[in-house]
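First up is the structure itself, then whatever we jot down about it.
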Amino acid sequence: EGTAAVRIGVDVGEDSGYIDNYNLSNQLARSGTNDDKWTVLRLAAKVAPDDTMTITPAFYGEWERTGDTSVFFPDFGLYKQQKEVQEPSVDHLLVGSLTVAKQWDWGQLTSISSYFQQQFNRTEDGTYYNSEYLGYIIDSDPPNGIQNEGYQIGLLPGPVYTRIKTSVVSQELRIASTPAPDSGFSWVGGLFYSDYKVHRLFNAYIDDFNQTFENIYGIAPEDATVFAGATFPNNSVATDNTAEDEKQYAIFADVSYKFIPSLKGTAGLRYSYAPTIFNDFQGGYFSIGVPPVSQRAKFYATTPKFSLTYDATPNVTWYASASEGYRIGGSEIYISPGLCAQDLANLGLSSAPGTYNSDSLWSYEGGLKGRFFDDTLSIDVDGYYLQWKNI
């Protein structure tokens, strides 16, 4: 008692589906296909070993599964869909944090550690873009002269599987002074680190493509001139493996000074360094000619801020501020110079850049906050001017 406290929350729920899925033979395949189920867990605690220290851990977890999308086809019927591939998704979210604060007479040290992870798995129906498209391509140059049979390929289910894992680790150490009654100075300083990672796996298939093609045309797909030697291992038509890693290192400091009891000025500076890594490897029929992409880039930024606060009366405060911010640059996936030649030429380029630089902005703000007539009227008036460069 008086030292530790814990809060636990659990939420379990389900929404029934209201979309009915029919197969290509107009038979009901799944009733209520877009049902949704979830479980949420939240834990929070606070420990105060003494009057000068607090420890606050927290955890949040969410698990959600959706059976299908809520798409329906009005021409087929209200709340009815007709497609061959069910499109479920699974979303797992974990967030953890630990905040430790220690107070001394001269100031306070605060450590904030956090972790974020999301795993999102999704299945999509790529039949139109994959199966039907390849069926159309086959009919444009039919193997062994067997014409108008591409529709059989177009009827094959075309599932597309996407797996995306995102994680972020961050750590901040912050020291803040305790304002002394006889001094107008106060300050805050600290260090910041984060590591942001994304791994994306994309796989598109046409079920039974190889066997069906061979049954129709008597040869394997790679032996047909229409595919120019392209292979379809395990009926795969496209793969994409993308990995991003963005780290940030920063140091920051703010200093405030009261010129008079009612007028305070603050100046701050933050220096950031962000190295990034980007890798993208594509394969399969739809990625023929796409080279692997491996990019490394480094970004730097020094961002100041300034502010003035004037307490005209105990109930009226004027303020003005100016601060600079920036957004980290990054890398791009491969863009075909052949397909985009004219657009690139219009920009004075022969090929697409592999990376793009950071952009920045200055934000200027001024305003008034006040309470009047015995707190029966409050007024906030603010004006902003933003200057955004190199978007």
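The value for region 130-281 of Rg(Cα) / (2.2 N^0.38 Å) is 2.05. With the charge dipole of the chain set up from +1 on Lys and Arg Cβ and -1 on Asp and Glu Cβ about the Cα centre, the Cα lying farthest toward the positive end among the listed residues 319, 206, 130 is that of 319. The value of relative contact order for region 243-391, using C-alpha pairs under 8 Å at least six residues apart, is 18 percent.
List the pair-distance distribution P(r) of region 106-150, using every Cα-Cα distance, as the percent of pairs falling in each 10 Å bin from 0 up to the bin containing the longest distance, rounded to whole percents. Cα pair-distance distribution for region 106-150, in percent: 19, 21, 14, 12, 10, 9, 7, 5, 2. Taking the square roots of 5 times each eigenvalue of the Cα gyration tensor of region 181-270, largest first, gives ellipsoid semi-axes of 69, 10, 10 Å. In terms of its Cα atoms, region 157-207 spans 78, 14, 9 Å along the principal axes, sorted from long to short.
Put simply, when 13-23, 120-130 are sorted by average Cβ atoms within 10 angstrom per residue, most first, you get 120-130, 13-23. All alpha carbon pair distances within region 341-388 were sorted into 10 Å bins beginning at 0; the resulting P(r) in whole percents reads 19, 20, 19, 16, 12, 10, 5. Under 5 Å from the amide H of residue 35 lie the amide H atoms of 17, 67, 68, each residue being 5 or more positions distant or on a separate chain, with H modelled from the backbone and absent for Pro and chain starts. Note on the chain: Rg/Rh from C-alpha atoms, Kirkwood Rh, equals 1.10. What is the log10 of I(q)/I(0) for region 48-134, computed with the Debye formula using one identical point scatterer on each Cα and no solvent, at q = 0.11, 0.23 Å⁻¹? Log10 of I(q)/I(0), two decimals: -0.58, -1.08. 3J(HN,Hα) couplings calculated from phi for region 202-213 with the Karplus curve 6.51 cos²θ - 1.76 cosθ + 1.60 (θ = phi - 60°) are, in sequence order, 10, 9, 10, 10, 10, 4, 6, 5, 4, 5, 5, 4 Hz; Gly and Pro show x. Checking the cross-link pairs 247/305; 46/102; 165/247; 247/298; 264/389 against a 20 Å limit on the alpha carbon distance flags 247/305; 264/389 as lying beyond it. Here the chain is assigned +1 on the Cβ of each Lys and Arg and -1 on the Cβ of each Asp and Glu. Its dipole about the Cα centre then comes out at about 1620 debye.
Relative to one another, the C-alpha centroids of region 1-44 and region 210-273 are positioned 29 Å apart. How many percent of all Cα-Cα pairs in region 211-345 sit more than 17 Å apart? Percentage above 17 Å: 76. Using the empirical formula 2.2 N^0.38 Å as the baseline, the Cα radius of gyration of region 6-160 reaches a ratio of 1.74. Per the Kirkwood formula applied to alpha carbons, region 298-391 shows a radius of gyration over Rh ratio, Rg over Rh, of 1.30. Computed over protein heavy atoms with a 1.4 Å probe, the carbon and sulfur contribution to the accessible area of the chain reaches 55%. For the chain, the per residue solvent-accessible surface stands at 60 Å², with DNA, RNA and ligands left out and a 1.4 Å probe. Dipole magnitude for region 1-83: about 260 debye, using +1 per Lys or Arg Cβ and -1 per Asp or Glu Cβ, origin at the Cα centre.
Enclosing the Cα atoms of region 30-94 in their convex hull gives a volume equal to 88 cubic angstrom per residue.
Couplings for region 44-50, taken from phi via the Karplus curve 6.51 cos²θ - 1.76 cosθ + 1.60 with θ = phi - 60°, read 9, 8, 9, 10, 10, x, 8 Hz in order; Gly and Pro are left as x. Taking a Cβ cut-off of under 15 Å around residue 365, the surrounding Lys, Arg, Asp and Glu residues balance to a net charge of -1, with basic ones at +1 and acidic ones at -1.
The values are calculated or read from the model by the stated rules, or taken from the named source; none is laboratory data. On a predicted model such as this, the values are computed, not experimentally measured, just so you know. Here the Cβ is made from the backbone with ideal geometry for all residues, glycine too, and neighbour counts use every protein chain on show. Surface accessibility is based on the protein's heavy atoms, side chains included, excluding ligands, DNA and RNA. Shrake-Rupley method; radii C 1.70, N 1.55, O 1.52, S 1.80 Å.
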